[in-house]
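Worksheet for the structure shown next.
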Ligand SMILES: [Zn+2]
């Protein structure tokens, strides 16, 4: 039997426990599409090369944090109620 515990308070929970709740949090960049100016000329190859070089030097976790991160937690009923009362703490 898989045993779970509340990720906030440590209370023991079971897989089919009606007091066990799953919380998923997605955080992602809200940037929309980029407006391009047809009058402005851009060296696309140079710009792409620069992005690739920056990514090669970057920490993969930091790059992921800047674009998309999904978190998942198990919570007991009491911690679920606290979360819903003040989702952002
Ligand atoms: Zn809890």
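Every number here is computed from the coordinates shown, using simple stated rules; none is lab data. Please read these numbers as outputs of a predicted model, since none were measured by experiment. Positions of Cβ are backbone-derived with ideal geometry, glycine not excepted, and every protein chain shown enters the neighbour counts.
General observations
- Condition check for residue 30 on (1) over 30 Å from residue 89 (Cβ atoms); (2) surrounded by fewer than 10 Cβ atoms within 10 Å (Cβ to Cβ): one failure, at (1).
- Considered as a group, the residues in segment 1-26 that are surrounded by 12 or more Cβ atoms within 10 Å (Cβ to Cβ) and near the ligand (Cβ under 8 Å from one of its atoms) include one that is nearest to residue 83 (Cα to Cα), and that residue is 8.
- Looking at 79, 9, 70, just one residue is part of a loop (DSSP other than H, G, I, E, B) and touching a strand residue (DSSP E or B) at 6+ places or on another chain (Cβ under 9 Å), and that residue is 9.
- Test result for residue 49, surrounded by 11 or more Cβ atoms within 10 Å (Cβ to Cβ) and more than 16 Å from the ligand (Cβ to nearest atom): yes
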